[in-house]
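*Asks:* Starting off with a structure, shown below.
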Amino acid sequence: MEKLFHLKEKGTNVKTEIIAGITTFLAMAYILAVNPMILGDAGMKPEAVFMATALSSAAACLLMGLLANYPVALSAGMGVNALFSYTVVLTMGYSWQAALAAVFISGLVFVLISVTGIRKKIIDSIPVQLKLAIGAGIGFFIAFVGLKNAGIIVANESTFVGLGSFVDPQVLLALLGIIITIVCVVRKIPAGVFVGLIITAVIGVILGLCGVDGMPAINGVLTTNFDMSAAGAFASGFGELFSHPMNALVVIFSFLFVDFFDTAGTLVAIGNEIGLVKENGELENAEQALLADSIGTCIGAALGTSTVTSFVESSSGVGVGGRTGLTAVTTGVLFILSIFISPLILGMITNAVTAPALVVVGVMMAQQLKGIQWDDLTIAIPAFITIISMILMYSISNGIAFGFIAYAVCMVAAGKIREIHPTVWILMVIFVIYFASPYLMA
């Protein structure tokens, strides 16, 4: 373990890494239930999507852990799966096989630009101050996701968002879990986030046994439903995909863009959290991490799921001490085991259980705000726009895009045009194309 993951050098141990891996898995296990539901709307069999999601997640996590030694877990990305079903299939009229073909091609492009170092250069070109804003923004974002999923924050016709119902048992369980987790963290209990998550789950199961509705439950048995019918289906979709070349390019670019910047944001945020960002702003082992992510997308498409990407929920494992690839490997092994105990997992891991971990980890990530030079408006404005856009637009990618645009505008206004990295100008063109893509799809 020491030779493979350099545990002592990273200031960690096997026990801590395994706990971190379990915590990360519990925080992102919801994808095993949500992804089949979303891709099912595109006409795919939920059982097949479940298998594809579990297997591709496991493979990508193992690659990330063994190649890059990063405590970052991967799975089918939220948001991009909605793009897959509701835009590419249901709006544009492509079959799910053609959509999988587009995902596979975007993965191959990722592999190409990762191997050649282009992807790393783009990430390294992001100004350090903007990286801090991205990390903090993701912290706010995942906290918002946790509050929303638990029903503490709800939609409101008058104000867009509002306070949920405190008579809802799930909301009360989530609030109780947040309080318990805060106490654990403030008291510096080892693996406080994980302990809070487990206590919340146990309380929920007990309440469920007492007849309270909507609580976590131990209601599953071993399953032997190994449905691999979606594997290889992407191969039949290439002809249909390129029957309209312009639309095909827009679809591929959209998958590429979302995966690229979701991954970039996650790696930068977690890299800042655990000291993987060097003084010159470069990420340690970035090439290997990006390659693992890229290959994961190709594997996912081949098995039958939408884009596989690095998950921001990995920060929950980092929050309990995860520092090496052993965390990701542990999460990968649990994804494999989830195939056999899926009813048990899907029963116990509810939004109310994972919300406290997301909220508290969001607080930890938001501490990166202290590194931003708020007295310099050239930095403060793009940092603020990055953060607020992520939350209000419910998109990490959009937050990064608007942050870049604001950064360029501020630098030009300040007469610092020569200090803008050439890559930033290239990205500006890409962002314009991305935001124009819905009109091109129409």
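The values are calculated or read from the model by the stated rules, or taken from the named source; none is laboratory data. All figures in this text were calculated on a predicted structure; none of them were measured in a lab. Positions of Cβ are generated from backbone atoms using ideal geometry, with glycine treated the same way; all protein chains shown enter the neighbour counts.
*Asks:* Here are the criteria: (1) of a type in the set (Val, Ile, Thr); (2) at pLDDT 85 or above; (3) in contact with an Asp or Glu (Cβ under 8 Å, 6 or more places away or on another chain). Tell me which single one residue 277 does not satisfy.
*Replies:* (2)
*Asks:* Restricting attention to the range 87-99, does a residue exist that is surrounded by fewer than 21 Cβ atoms within 10 Å (Cβ to Cβ) and in a helix (DSSP H, G or I)?
*Replies:* If we filter the range 87-99 for residues that are surrounded by fewer than 21 Cβ atoms within 10 Å (Cβ to Cβ), which is where we start, we get 87, 90-93, 95.
Remaining after also requiring in a helix (DSSP H, G or I): 87.
Among the residues of the range 87-99, at least one is surrounded by fewer than 21 Cβ atoms within 10 Å (Cβ to Cβ) and in a helix (DSSP H, G or I), which makes the answer yes.
*Asks:* Cβ-Cβ below 9 Å, separation at least six or inter-chain, first residue in the range 229-248 and surrounded by fewer than 16 Cβ atoms within 10 Å (Cβ to Cβ) and among the hydroxyl-bearing types (Ser, Thr, Tyr), second part of a helix (DSSP H, G or I) and modelled with pLDDT under 95: which pairs?
*Replies:* Correct list of pairs: 229/47; 229/48; 229/51.
*Asks:* How many residues does the range 303-328 hold that are over 9 Å from the mean Cα position of the chain (by Cα) and in a loop (DSSP other than H, G, I, E, B)?
*Replies:* Summing the residues that are over 9 Å from the mean Cα position of the chain (by Cα) and in a loop (DSSP other than H, G, I, E, B) in the range 303-328 gives 9.
*Asks:* Report, ordered by the first and then the second residue, all pairs with beta carbons closer than 6 Å, sequence separation of six or more or different chains, a first member in the range 264-285 that is under 19 Å from residue 65 (Cβ atoms), and a second member that is among the small types (Gly, Ala, Ser) and modelled with pLDDT under 80.
*Replies:* Listed pairs, sorted by first residue: none to list.
*Asks:* Could you grab me the full set of residues in the range 70-92 that are of a type in the set (S, T, N, Q) and either at pLDDT 95 or above or at positive phi (or both)?
*Replies:* We begin by selecting, within the range 70-92, every residue of a type in the set (S, T, N, Q); these are 75, 81, 85, 87, 91.
If the condition is that a residue be of a type in the set (S, T, N, Q) and either at pLDDT 95 or above or at positive phi (or both), then 75 is the only one that fits.
*Asks:* Can you tell me how many residues in the range 365-377 are surrounded by 17 or more Cβ atoms within 10 Å (Cβ to Cβ) and outside any loop (DSSP other than H, G, I, E, B)?
*Replies:* 4
*Asks:* Something else about it: What residue, among those in the range 93-110 that are closer than 15 Å to residue 256 by Cβ and among the aromatic types (Phe, Trp, Tyr), is modelled with the lowest pLDDT?
*Replies:* 110
*Asks:* When the range 190-214 is examined, which residues are found to be hydrophobic (A, V, I, L, M, F, W, C) and surrounded by 14 or more Cβ atoms within 10 Å (Cβ to Cβ)?
*Replies:* Our first condition is that a residue be hydrophobic (A, V, I, L, M, F, W, C); within the range 190-214, this holds for 191, 193-195, 197-199, 201-203, 205-207, 209-210, 212.
Within the range 190-214, 191, 193, 194, 195, 197, 198, 199, 201, 203, 205, 207, 212 meet the criteria.
*Asks:* While we're looking at this one, here's another question. Yes or no: the range 11-27 includes at least one residue that is farther than 23 Å from residue 239 by Cβ, in contact (Cβ under 8 Å) with a residue 24 or more places away in the chain, not in a helix (DSSP H, G or I) and not aliphatic (A, V, I, L, M).
*Replies:* yes
*Asks:* Here's something else I'd like to know. Scan (1) farther than 17 Å from residue 129 by Cβ; (2) aromatic (Phe, Trp, Tyr); (3) without any contact (Cβ under 8 Å) to a residue 12 or more places away in the chain for the single condition residue 434 breaks and write down its number.
*Replies:* Exception for residue 434: condition (3).
*Asks:* Let me ask something else. Filter the range 152-194 down to the residues that are in contact with a helix residue (DSSP H, G or I) (Cβ under 7 Å, 6 or more places away or on another chain), in contact (Cβ under 8 Å) with a residue 24 or more places away in the chain and assigned to a loop (DSSP other than H, G, I, E, B) and list them by number.
*Replies:* Of everything in the range 152-194, those that are in contact with a helix residue (DSSP H, G or I) (Cβ under 7 Å, 6 or more places away or on another chain), in contact (Cβ under 8 Å) with a residue 24 or more places away in the chain and assigned to a loop (DSSP other than H, G, I, E, B) turn out to be 152, 191.
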